[in-house]
Each structure stands twice: as C-alpha cells, then as structure tokens.
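The values are calculated or read from the model by the stated rules, or taken from the named source; none is laboratory data. Being a predicted model, the structure only gives us computed values, none of them experimental. A quick note on method: Cβ atoms are made from the backbone with ideal geometry, for glycine too, and the neighbour counts reach across all protein chains shown. These accessible areas exclude ligands, DNA and RNA; they are computed on the full protein's heavy atoms, side chains included. Shrake-Rupley method; radii C 1.70, N 1.55, O 1.52, S 1.80 Å.
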Amino acid sequence: MVLVMGFEGSANKIGIGIVRDDGHILTNVRHTYITPPGTGFLPRETAHHHQEHILGLVKDALKEAGVKPSELSCLAFTKGPGMGAPLRSVAVVVRTLSQLWGVPMIGVNHCVGHIEMGRIVTGAQDPVVLYVSGGNTQVISYSMNRYRIFGETIDIAVGNCLDRFARILNLPNDPSPGYNIEQMAKKGKLFIDLPYVVKGMDVSFSGILSSIEVIAKEKLASGECTPEDLCFSLQETVFSMLVETTERAMAHCGQNEVLIVGGVGCNERLQEMMAQMVSQRPNGKLFATDDRYCIDNGAMIAWAGLLQFQNGQTTSLEDSTCTQRFRTDEVLVNWRT
C-alpha cells in the first residue's frame, strides 16, 4: 500500500492531505489566511501564516488518518506555480521532515494537482479541463503525455479579477471574496454591459476590471445600479467568455466531457452556465466538485504526487526548489496513456 502526504501552500491556504493508492482520502486538513475587507494577502504575511500553522496541521493530519510517519511512502509538495515566500516556507518544512523521517520527496505542479484531484473525485475520463482560480485561467486537454494548454488568460486570472472587484466593494474575505460576490450576484437584477474580451482561444480580464471599477464609482453614487447588479453583470460576462472558449476546445479536440477545477470552479453559476452548454453537445457531460476539492488543498498534491511516485518520479534534496512560474504543459504525465 502506498501512502503519500501532500503539502499545499502556494497562496493563502495551507493544507495537508494524506491519500492511499486506491484514491481514498484519509485526511485533508487546511487553514486559510484571511485578511480584512478591502485588502489582499501579501507574500511575507502569508508565509508567516503558513509557518505558524503547518506543524499543527501535520500533527492533525497524522492523527486523523491514523498513520505514523514510518508508514508514509512519499512527501509531496507544491513546487509551483504560486507566491514565492509561501511556497518556500512549505518546502523548507517538507525537506526537513523528509530527512527526519527518511521519506522521499516529490515536487508537484499545482495545476496538475487540481486536474488529477478533479479526475479521481468525479470519475471524469478524458475531459477538456477548465482550470479557474485566483492565479490561473486555462483551458486544457491531455495529449501525448502532457496537459496541453489550448487557451488561457493573457493578463490576470478570472479569480483575481473577481477578488479585486470585491476589494472595490469592500466585501469581506471570509470565507472568500469570490464566494461573497457569488452570493451578491444572486440578488442582481440589472445587467450592465461590460467589455467582452475573447481573442481566439485566449481571454483577457484586466480591461473588464478597469471598466467595472469606473462604472461602480459613477453608477453606485448616482443610484443607477446596486452592488448586486455589478456582481451579477461581472459574473455573467466573464463566465460567458470561459464557456465560449471551453466549447471551442471541445469541438477542436473532439471531446464530450468538461471538468471544472480550481477555486472559482465551485461557483454554482459557472457550473450552471457550463452545464447548459454541455447539454447541447452530443453525449455532453459536466464534472465539477465542491469547495472541499476545488479550493487549494493538500490531498490534491498528495494524489498527484502519488501518481508521479508510482511512475518512478522523485525529487532530490538539491532539486527541491520552488518556482513562481511552472507551466502546466511542462509536466511529464507518464501515468496516463
């Protein structure tokens, strides 16, 4: 039996998960760094948060899973992409535990972790993947031992666009700014035209954010719309762009499955819009997960690390560095045929 402990800390969540080689998740604990309304999270303060909580989470994970360190086959950690200081703070702990426990390490691509977690949880076989989070927006499909990127944002990620608009409205960051925008959008009634920027298979969100910031200052002050109307309009616009590019990838690749992963992937409106598109395609199927697995977590790193470990991959101490830029298509996916 192969048991892998995974460590995720690329952004504002520190998570530890332990998974078994049959896909069973023994534990998946995490803690979120939450900042005051109207603010984001900075690398140094986020790293301090991770340093404060990681050892406690390791103990909690081992206890909850009923596993001893000697029973672990491998320690998987997020190599990148992500914020430099939080990534390094977690990697230092993993290097130390690897030497203390005598267990090998494996560096995992954060994006691949999301994809493989989505596949094992939902049972999706060969989907077009829409990966949407605070740091990434990509339309992906598997081909020849790589997760190929067919389309992506050319500036900021869709989650970053939503988060930054939440700051403009001074919305709380608890449980997350994107979640609070989603709840407000459900009450919106007036649709306000915003830029719709799709360039081939790529999308752009920075101009939309700039536009809605100006509109918010003008129309909220004059009473022409409500914050709920703006949240509704922003969601409808950016999600339509994502549905369009995903459908085009399905047609190009000849696939009938869509898997949504990443933190924004648990947005119910995005899932609803994608389901409408998929239902109009022959044998179309949509796969998505809830916030247990969409949002950054240690189990997704553990599972991707387990797949790599079973296929002969490990990371030496000398190579256990982190990188803020780590493309999804750089990873050799030798566990798929």
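For the range 281-289, just list the computed ³J(HN,Hα) in residue order, Karplus coefficients 6.51, -1.76 and 1.60, θ = phi - 60°, integers in Hz, with x standing in for Gly and Pro.
In residue order, the calculated couplings are 9, x, 6, x, 9, 10, 10, 8, 10 Hz.
For helix 298-310, what angle does its Cα long axis make with the longest principal axis of the chain, in degrees from 0 to 90 and rounded to 10?
So the helix axis and the longest Cα principal axis differ by about 50 degrees.
Given only helices, namely DSSP H runs of n ≥ 4 each adding -39500 (n - 2.57), what is the per-residue ellipticity at 222 nm of the chain, to the nearest 500 deg cm²/dmol?
Calculated at 222 nm, the ellipticity per residue is -14000 deg cm²/dmol.
Tell me whether the range 166-239 comes out rounded, prolate or oblate; compute the Cα gyration tensor, take square roots of the eigenvalues as a ≥ b ≥ c, and use a/c under 1.5 as the rounded threshold.
Judged from the Cα gyration tensor, the range 166-239 comes out oblate (a/c at least 1.5, b/c at or above a/b).
Going by the alpha-carbon gyration tensor, a ≥ b ≥ c the square roots of its eigenvalues, is the range 24-157 rounded (a/c under 1.5) or, if a/c is not under 1.5, prolate (a/b greater than b/c) versus oblate?
Since a/c reaches 1.5 but b/c is at least a/b, the shape of the range 24-157 is classed as oblate.
Contact order normalised by length for the range 205-278, with contacts defined as Cα pairs under 8 Å and 6 or more residues apart; what percent is it?
Value for the range 205-278: 26 percent.
Going down the list Lys187/Lys217; Lys189/Lys219; Lys13/Lys187; Lys199/Lys219; Lys79/Lys199, which pairs span over 24 Å between their C-alpha atoms?
Violating the 24 Å limit, Cα to Cα: Lys13/Lys187; Lys199/Lys219; Lys79/Lys199.
Using a Gaussian network for the chain with springs between C-alpha atoms less than 10 Å apart, which of these wobbles most: Leu234, Leu220, Leu306?
Comparing Leu234, Leu220, Leu306 in a Gaussian network model of the chain, the most mobile one is Leu220.
Could you please report the charge total around Leu286, scoring K, R as +1 and D, E as -1 over all other residues with beta-carbon less than 12 angstrom from its beta-carbon?
-1
Quick one: check the C-alpha center-to-center distance for the range 1-50 versus the range 72-129, whole angstrom.
The distance from the Cα centre of the range 1-50 to that of the range 72-129 comes to 10 Å.
Taking amide hydrogens as modeled 1.01 Å from N in the peptide plane, which residues meet the under 5 Å criterion relative to Arg146, leaving out close sequence neighbours?
Val333
Take the solvent-accessible surface of the protein heavy atoms, probe 1.4 Å, and return the percent of it on the range 202-250 that carbon and sulfur atoms account for.
That fraction is 49 percent.
Every cysteine in the chain with no other Cys Cβ under 4.7 Å from its Cβ, please list them in numeric order.
Lone cysteines by the Cβ rule: Cys74, Cys111, Cys161, Cys225, Cys231, Cys253, Cys322.
Per residue Cα convex hull volume for the chain, in cubic angstrom?
122
Any chance you could give the angle, 0 to 90 degrees and rounded to 10, that helix 43-65 forms with the longest Cα principal axis of the chain?
That works out to roughly 60 degrees.
Using only the alpha-carbon atoms, how far is helix 110-122 inclined from the longest principal axis of the chain? Give it as 0 to 90 degrees, nearest 10.
Between the helix axis and the principal axis of the chain, the angle is about 90 degrees.
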